[in-house]
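Each remark here refers to the structure printed beneath this line.
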Amino acid sequence: MEIYLLFVILGIIIFLGFLGEIVFKKTNIPDVIWLIFFGIMIGPVFELVKPENIEIIAPLFTTFALIFILFEGALRLKVKELFKGMYASSMLSMINFIVSVIITTLISLAFGFGLVQGILLGVVLGGISSAVVIPIVKRLNVKKETSTALMLESAISDVLCIIGTVTIIQIYSIGKVEFSQLLGGLLTSFVIALFIGAVGGYVWIKVLLKMSQYAKSYMVTIAFMLLLYGLTEYINSNGAIACLAFGIILGNSGKIVQAMHEDKKSSPLKAPELFFYAEISFLMKTFFFVYLGILLQFTNIMPYIIAAVISIGLYMVRPAATIVVAKGFSQKDKAVIDSLIPKGLAAAVLAQLPAQAGIPGTELFADVALAVVLITIVVSTIMVFLVEKNKYGGLLNKYQKLLSKKTKEPKEQQLL
């Protein structure tokens, strides 16, 4: 591709992202749809950009996009709200993961996949995407507990999907794995990542207090975040969770500075710095969705049929998780939780591992996963748009009305 054409495309993408945000603020029509559509236009339709043209930088870009969006979102989380939302997010992650695996396995069996293959696909698609959820919930008028629970769910569920996928591949390859070893590995991964991120955040607050007058301190914070991510991944823990913890500590730096008896000093994180990080997050989100559109292929319709049925199943079972965690929440908040189950790049990447490991019957996984990513992102954003317009009350609400109607009918018959 000519350099001038590349710059034209990059410029159009940034303009699209900016205009999409304006349209979203005025109409609540999600910008994600335009960005993915543009990716489809320059990718599979006109082939101006092919996946193989960007495969060298793709892993670097997608990883940075995911961890930075997570980090920037965490800067807005307050410790009090975090503790309130921790139980809800943990339960939401676990229940949604379990019911997603069950429904995906059943649908996969109906389409002729084996049991192992069905479970694998369910585990791959059991999470929700931070890169989609965080930008959406930041702009929604919902309770802070709701946005916190959804944000933390997106981080926790990614870990469940990664560890679950790798473990099942291990079981298939070597024949067995200890459940206690699996559970221990999961907990250890969480604790180590949280510890590294939290300690790193505390250390960095002390550093920022001494160097905040330097113009480049904004960028050095990003550099330190990347170091934390690399260190955490190097010791086989979860770098994304470490970046989340790092962001939470920095976001609460004002209270931490007071606790350190630095009474004369204010929080090292100022409004211009938060604005700068929000701008980078905007860029990452914009290019991320265009990249997803470029990856899509439409030569085989079967993966889209399977993906459509799986997506319907995933939305139908989501209320099982919502009803457990959303007690006391408004109808609108419940509907938002119901609606937001978009899959992301983690699912697309994990879906390639079974075939690479030589597990038969998993050749279609990558195509199915990408199709589910497309469908769930578009459907989730449209459903949230309808919730904001008070035109959709969520599946849980529909189920409860249906159940209430069913229980009333026998009573009315008895009275007659």
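Quick one: count up the residues across segment 288-303 that are crowded, with 19+ Cβ neighbours inside 10 Å and in a helix (DSSP H, G or I). Explain how you work it out, then say what you get.
Restricting attention to segment 288-303, the residues satisfying the condition of being crowded, with 19+ Cβ neighbours inside 10 Å are 288-296, 303.
Remaining after also requiring in a helix (DSSP H, G or I): 288-295, 303.
Summing the residues that are crowded, with 19+ Cβ neighbours inside 10 Å and in a helix (DSSP H, G or I) in segment 288-303 gives 9.
Please enumerate the residues belonging to segment 330-388 that are surrounded by 24 or more Cβ atoms within 10 Å (Cβ to Cβ), in a loop (DSSP other than H, G, I, E, B) and among the polar types (S, T, N, Q).
T362
Scan segment 165-222 for residues that are over 30 Å from S100 (Cα atoms), among the basic types (K, R) and at pLDDT below 85 and report the count.
Selection size over segment 165-222: 2.
Looking at segment 135-148 only, could you name the residues that are touching a residue at least 24 places away in the same chain (Cβ under 8 Å) and either aromatic (F, W, Y) or in a helix (DSSP H, G or I) (or both)?
Residues of segment 135-148 touching a residue at least 24 places away in the same chain (Cβ under 8 Å): 135-146, 148.
Once the filter is applied, which keeps residues that are touching a residue at least 24 places away in the same chain (Cβ under 8 Å) and either aromatic (F, W, Y) or in a helix (DSSP H, G or I) (or both), segment 135-148 yields P135, I136, V137, K138, K144, E145, T146, T148.
Which residues, counting only those in segment 30-51, are of a type in the set (F, W, Y) and touching a residue at least 40 places away in the same chain (Cβ under 8 Å)?
F37, F38
Step by step: first the residues of segment 304-329, then only those that are without any contact (Cβ under 8 Å) to a residue 60 or more places away in the chain and part of a helix (DSSP H, G or I), then the one that is nearest to S90 (Cα to Cα). Which residue is that?
For segment 304-329, the residue satisfying everything is I312.
For segment 48-80, what are the residues that are among the acidic types (D, E) and either farther than 18 Å from C243 by Cα or not in a helix (DSSP H, G or I) (or both)?
E52, E55
So which of I156, I119 ends up being under 12 Å from the mean Cα position of the chain (by Cα) and either at pLDDT 85 or above or within 15 Å of S89 (Cα to Cα) (or both)?
None of the others qualify; the one that does is I156.
Please verify whether segment 30-44 includes one or more residues that are modelled with pLDDT of 90 or more, part of a loop (DSSP other than H, G, I, E, B) and either touching a Gly at 6+ places or on another chain (Cβ under 7 Å) or exposed (fewer than 13 other Cβ atoms within 10 Å of the Cβ) (or both).
No; the residues of segment 30-44 include none that is modelled with pLDDT of 90 or more, part of a loop (DSSP other than H, G, I, E, B) and either touching a Gly at 6+ places or on another chain (Cβ under 7 Å) or exposed (fewer than 13 other Cβ atoms within 10 Å of the Cβ) (or both).
Being exposed (fewer than 15 other Cβ atoms within 10 Å of the Cβ) and touching a residue at least 40 places away in the same chain (Cβ under 8 Å) is the filter here; which residues of segment 72-86 pass it?
Of everything in segment 72-86, those that are exposed (fewer than 15 other Cβ atoms within 10 Å of the Cβ) and touching a residue at least 40 places away in the same chain (Cβ under 8 Å) turn out to be V79, M86.
Which condition does I98 not pass, out of (1) closer than 23 Å to P360 by Cβ; (2) free of Cβ contacts under 8 Å to residues at least 60 places away in the same chain; (3) of a type outside the set (D, E, K, R), if it passes all the others?
(1)
Can you say whether G230 is surrounded by fewer than 18 Cβ atoms within 10 Å (Cβ to Cβ), small (G, A, S) and at pLDDT 90 or above, as far as the supplied structure shows?
yes
So which pairs qualify, if the first residue must be in segment 118-134 and in contact (Cβ under 8 Å) with a residue 24 or more places away in the chain, the second must be part of a loop (DSSP other than H, G, I, E, B) and surrounded by fewer than 24 Cβ atoms within 10 Å (Cβ to Cβ), the Cβ gap must be under 8 Å, and the two must be at least 6 apart or on different chains?
Note: pairs meeting the criteria are L120/I359; L121/F113.
The values are calculated or read from the model by the stated rules, or taken from the named source; none is laboratory data. None of these values were measured; they are calculated from a predicted model. Note: ideal-geometry Cβ built from the backbone for every residue, glycine included; neighbour counts use all protein chains shown.
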